[in-house]
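The numbers here are math on the coordinates, done by the rules we state, and not lab data. Please read these numbers as outputs of a predicted model, since none were measured by experiment. Cβ sites come from the backbone with ideal geometry, for glycine too, and all protein chains shown count toward neighbours.
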Amino acid sequence: MARLTTLVGVATLLLSQTATAKYSLFKTYDATNFFTEFEIQNITDPSSGFVDYVDAATAKALSLAGIRNNNQIYLGADSTTRNPTAGRQSVRVESTDAYSKGLFIADIAHMPANSCGVWPAYWTSGPDWPNSGEIDIIEAINLQKTPIITLHSGKDCVVANTGSAAGSVLTDANCNSGCSQSTTDTQAYGDGFNAVKGGVYATRLTTSGIAIWFFPRASIPADITAGTPDPTTWGVPLVNFVDEGGCDFASHFKSNRFIFNINFCGWAGSTWSSYPQCSAAAATCKEYVAQNPEAFKDAYWLINSLKVYSESQDIDRSSTDDVAPTWHQPGTELSPNNSPNYVSADLRFYSPYCAEKLSTDLAPT
């Protein structure tokens, strides 16, 4: 009886959060516009990773970013250069749009494979870190088999994971220090993800919480495929974050941009000794990454699309005050860069001033 009561309570919670949500497509990022809507970030890695994030011209010249198979976005890392002095060359991209609420559906065909030293991430981040929030949707390191999903925020945001899938464990409830949920789905990350031809990550950001679902390729709900997503029919999410101590999600998670990157070492290096297979191959993460370029031939993202859905299409495009963004790696901080302009909407949608972009004819193969 106790278990039944718990299940009913969880179901009620999930339904109450989405009962009135009717999502309509707001914007699609795909092969037709990805490299005009995302910036290539030629920055120094703030997390001390052994990585060289290249600029747009270099990414094109080295075929580290472009359109593959006619309609898939490719983001990769160098897998031929031995002993690079500045770190292994790689790509980091960030959207020029930002959102404070919405349903974000990423259809990903391939992600960086499990390998010693690799640290890939698909995440979002706001302009005033950590006060405007960060959502680490896909993130793991080295040979880790499952993703760790983490929120970062300003002070006074304590969460619970009520409604998360069985096996997802909240390891820290304080989002100011990083509230993480460990997961057990081996198809949701790395080699396991690629073995099932990838799948869909759906992230719902609302004023009452953040929920993330993962569906492997063969189990993508029909409503997602049809472009009429209905989270009320999807069952329990992989992870669910709800307020447990005065966490106002609307103020803690706002103006978030999408980011895809492939880093090396950094966090992966700090845990090097915890992976015997890695530490047996080289004394340090940096040494391994420098001397084994062939280990990273499968360290790439292949993205079909990223779609943003809104609960309303009543978009108010009146401008208000500017917000200054910052560049940073998941869980770290960087200095301010160019300022975006704010466009209010049901999605709390932002669009920045001009920045370096790539064209969609970039390095097709």
Taking H as built 1.01 Å from N, whose amide H comes closer than 5 Å to the amide H of CYS157, not counting residues under 5 places away? CYS175, ASN176
Using DSSP to define loop residues, name the trypsin sites (Lys or Arg not before Pro) in the range 194-285 whose beta-carbon has at most 14 other beta-carbon atoms within 10 Å. LYS197
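What percent does the relative contact order of the range 99-154 come to when contacts are Cα pairs within less than 8 Å and at least six residues apart?
It comes to 30 percent, rounded to a whole number.
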Quick one: if you stick a label point 7 Å off each Cα along the C-beta vector at GLU294 and LYS22, how many nm between them? 5.8
Using a basic spin-label model with each label point 7 Å from the Cα along Cα→Cβ, how many nm lie between VAL196 and ASP230? 2.3
With each pseudo-label sitting 7 Å past Cα toward Cβ, what's the ALA283-SER219 distance in nm, one decimal? 4.5
